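Coordinate-derived values only; no laboratory data. In this text the structure is predicted, and so the values were computed from the model without any measurement. Heads up, the Cβs are rebuilt from the backbone with ideal geometry, glycines too, and the neighbour counts pull from every protein chain shown.
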Amino acid sequence: MGTKASLSTTRAAQIWTEMVELRRELYKDDCFFKMHEPWEQFTTESDLWSIKTYRSENQEEYKQKASVVEFDGRVTLTVDEVLLSRAREGGQLENFILAHEWCHLALRHHANFASNRNFVLSSTDKGYARLAGDIFELEADFGAVVFQCGVALRDERWDSVRLAKRAYADVAAVKKVRRLVNLEVFERE
């Protein structure tokens, strides 16, 4: 049996710093945005960035799946067109998925391996489940929430549900990240 990947407090603090700085290059701290916006901005501004959409065969059960590839300076996001449409409409899970893929790029995960990274949900009897399989997936999950919510994660005036809704982020992911970023040990890092 393999060991479960875990994100160290030191690495989480590094990701926090990187994602807050990146977010501040694009948006003010009090600004919240849907994740299609930075993706579409970069694809409009650069011929090296593109978004490829596909249509799932069964539109009622579209694939909550996206993938990003970076090769030789070119970036391609591949995403189900329904997922992208729902992200534009403010879907929290869909925006989190796009933020997760964004963070694979921002954290330079593609420099560490030559494989396609994708975000996949599994259907369970209690709904959909997301199990991060390795450290890169954990880092992208953590970074996605920080990129979406920014420093508001540490602001006690925001409860997790309200913040997640305002930042178009996944509620469970926001709650998980907030537990870590509000620990004294995280502050010391």
Inset, instruction - Would you mind checking which residues have amide H under 5 Å from residue 56's amide H? H placed 1.01 Å from N; only 5 or more apart, or other chain. - result: 63, 81, 82
Legend entry - Under 5 Å, built H, 5+ apart or other chain: amide partners of residue 49: 75
Legend entry - Ranked by how many other beta carbons lie within 10 Å on average, peptides 85-92, 138-145 from highest: 138-145, 85-92
